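Asks: What follows is a structure written as structure tokens; I'll ask about it next.
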Amino acid sequence: MVNGTPELCGEVRPVELQTPPLVASRLPCAEPTGHDAPHRDALGHRWVAGPELVEALAVTCAAESVRQAGRAGLGRAASSR
């Protein structure tokens, strides 16, 4: 705590989560140090970093693979009729 104000987390969004405008995506987390909630910048935008991000990316990639495989299967089924 500095002058009665809690210290801020200050974590910045990982590069893979930065979106245009980059200036807004690079704002540091405004939550207090040691917070349990997702990171939140001064504009109120939230993000998750760490193991949660890795899990979310893995699920997204798996879902996309299943979606593409399903489309390929539909294409083959329609052409065989």
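The values are calculated or read from the model by the stated rules, or taken from the named source; none is laboratory data. None of these values were measured; they are calculated from a predicted model. Every residue, glycine among them, receives a Cβ derived from its backbone with ideal geometry; neighbour counts consider all protein chains shown. The accessibility values were calculated without ligands, DNA or RNA, using every heavy atom of the protein model including side chains. Shrake-Rupley method; radii C 1.70, N 1.55, O 1.52, S 1.80 Å.
Asks: Quick one: how many residues across the range 1-59 are part of a loop (DSSP other than H, G, I, E, B) and either open to solvent by less than 80 Å² (accessible area, probe 1.4 Å) or among the hydroxyl-bearing types (S, T, Y) (or both)?
Replies: Start the filter on the range 1-59 by keeping residues that are part of a loop (DSSP other than H, G, I, E, B), which leaves 1, 3-4, 6-7, 9-14, 18-21, 26-31, 33-38, 41-45, 48-50.
In the following step, the residues that additionally are either open to solvent by less than 80 Å² (accessible area, probe 1.4 Å) or among the hydroxyl-bearing types (S, T, Y) (or both) were identified as 4, 6, 9-10, 12-14, 18-19, 27-31, 33-35, 37-38, 41, 44, 48-50.
The total comes to 24.
Asks: Name the residues in the range 10-23 that are more than 13 Å from V48 (Cα to Cα) and of a type in the set (A, V, I, L, M, F, W, C), would you? Don't jump to the end; show me each part of the working.
Replies: Restricting attention to the range 10-23, the residues satisfying the condition of being more than 13 Å from V48 (Cα to Cα) are 10, 19-23.
Result: L22, V23.
Asks: Next up: Confirm whether V12 is over 11 Å from the mean Cα position of the chain (by Cα) and of a type outside the set (D, E).
Replies: On the way: over 11 Å from the mean Cα position of the chain (by Cα): yes; of a type outside the set (D, E): yes.
Yes, satisfied.
Asks: Please go through the range 22-81 and give me each residue that is modelled with pLDDT of 85 or more and among the basic types (K, R), ordered by number.
Replies: R26, R40, R46, R67, R71
Asks: Separate question: Report, ordered by the first and then the second residue, all pairs with beta carbons closer than 8 Å, sequence separation of six or more or different chains, a first member in the range 50-72 that is free of Cβ contacts under 8 Å to residues at least 24 places away in the same chain, and a second member that is open to solvent by less than 90 Å² (accessible area, probe 1.4 Å).
Replies: Listed by first residue and then by second, the contacts come to A56/V48.
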